[in-house]
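The values are calculated or read from the model by the stated rules, or taken from the named source; none is laboratory data. Since we're looking at a predicted model, the values are computed, not measured. Positions of Cβ are backbone-derived with ideal geometry, glycine not excepted, and every protein chain shown enters the neighbour counts. Calculation scope for accessible area: heavy atoms of the full protein, side chains included, ligands and nucleic acids excluded. Shrake-Rupley method; radii C 1.70, N 1.55, O 1.52, S 1.80 Å.
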Amino acid sequence: MKKNSIWRKLLPRSAFSQTVLLIGSLLLINQLVSYWTVAVYFIKPSYEQINELIARQVKLLFVDEIEIGRQHLTLVDALNAKVRDDGMRVYSQKQARDAGVDNATYYGFWSSEMSEYLGGKAEVRVMQAQHLQVWIRPPQAPSIWIKVTLNSGINEDQLSPLTLYLLVIGALSVIGGWMFARKQNKPLRRLQKAALSVSKGSFPQSLPLEGSTELVEVTNAFNRMASSMKQLEQDRALLMAGISHDLRTPLTRIRLASEMMVEEDEYLKDGIVNDIEDMDAIINQFIAYIRQDQQELVELISINRLLKEVADAETHRDVDIELELGHCPDISIRAVSIKRVITNLVENACRYGNGWIKISSYTTKSSVCFCIEDNGPGIAEDQIETVFQPFTQGDSARGSVGSGLGLAIIKRIVEGHLGKVTLCNRKEGGLRAEVELPTE
């Protein structure tokens, strides 16, 4: 199981890298098969032919009897006298060592082939000097070495035309495969960025219809979906803004009328004014929910700075605020929106807690997090998943009042930053709200 998970991590996950890996693997297999085919059916026969020709020359030296006398005092002299090829020479063991036979490379394939041709155990070594030198120790005379110099043919220090050809073809194939995969992946990346923009509430221009037929169809469907969502969002914003505006007009008239009430009706006036203020606050929440602050500029700022500013602004309340801020890097956010998130969470903690709030921050591998904790009654476990829905209020134990848009606004702002907000009850009692914002 552990090995499988390691392999999953090593294998590419994106379509681009998977396509490049597939094309590269197929090309590598093709190159290996081509090289093996050429080596077996073209190069190997050439080597065998050269080996056979050398073996025939060696055999000719031992066909007739070798005379050793005054003219040829040793076997080496006698054999050299019979050599008819300028490229062949016979050496004794000492002479061969002086000539560099110990530096030559032993080849088992050539040795086994030569042994079959000469009818006994032979040894073949090859050395690349100015020309290719083939050293043979024949079974007829194991005490001598025969050197055959090949003036043309094999050169181990240089790339053969076959190897060069295969390398060039392989490189061109890989580059072509990479360009093909990149071209196929470009519309997908554009589609991914556009989808992220839509998830943040920003609707981009219609994407160009490029790529394969399937990609063109997907892009076209995305364009229609984004256009419909944009129109729906505009209609919803216009409707909500119109309702909020129209409600404020009669509220203003009611407030003016209440100001003209006689002193005997002062108790009624106070109640009417409080109701008007509550309704005005609810209308402001409606506007905040539909506005989303998309025009707000993104800036690089410290989350600890925003947490301190909100904590300092709440000093007038009769509540004990505990700060525990860790080292957090600056991140790109809409500062006013995130500050509204912090303010709303702190106000909820002040409203529903019992005089104690803890504000903390920390970092993970890919995000900056902050938490707001209180010591109030908390929220029923079965309601935690639903309190982020618009017009949904928390548990009655926390004294639910208002429009039920506070947490919905918080969630929309955080998700607009590609972050995450979660609620959970503390073991010690109270509620813990955690917000996670990505660093990139």
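What the table below lists for this structure:
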read-out: Count - residues of segment 36-78 that are farther than 30 Å from Q95 by Cα, at pLDDT below 70 and either among the aromatic types (F, W, Y) or open to solvent by 100 Å² or more (accessible area, probe 1.4 Å) (or both); value: 2
read-out: Unique residue being at pLDDT below 70 and open to solvent by less than 50 Å² (accessible area, probe 1.4 Å) when the list is A96, A81; value: A81
read-out: Any hit, segment 185-200, residues being farther than 30 Å from L32 by Cβ and at pLDDT below 75; value: yes
read-out: Unique match (being within 15 Å of L251 (Cβ to Cβ) and at pLDDT 75 or above) among V273, V310, V319, V298; value: V273
read-out: Where S112 falls short, out of the listed (1) under 53 Å from the mean Cα position of the chain (by Cα); (2) at pLDDT 80 or above; (3) not in a helix (DSSP H, G or I); (4) not aliphatic (A, V, I, L, M); value: (3)
read-out: Long-range neighbours under 7 Å by Cβ, at least six apart or interchain, first residue buried (at least 18 other Cβ atoms within 10 Å of the Cβ) within segment 109-129, second basic (K, R); value: L118/K59; A122/R137; E123/R137
read-out: Residue pairs meeting the criteria (Cβ under 6 Å; at least 6 apart or on separate chains; first more than 16 Å from E428 (Cα to Cα), in segment 349-373; second polar (S, T, N, Q) and part of a strand (DSSP E or B)); value: F370/S361
read-out: Extreme residue, most open to solvent (accessible area, probe 1.4 Å), among residues of segment 166-207 that are outside any helix (DSSP H, G or I) and not polar (S, T, N, Q); value: K200
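Listed here are the residues, each with its yes/no results for (1) modelled with pLDDT of 85 or more; (2) open to solvent by 60 Å² or more (accessible area, probe 1.4 Å).
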position	(1), (2)
P390	no, no
Q393	no, yes
G399	no, no
L405	no, no
I409	no, no
R412	no, yes
G416	no, no
K420	yes, yes
R426	yes, no
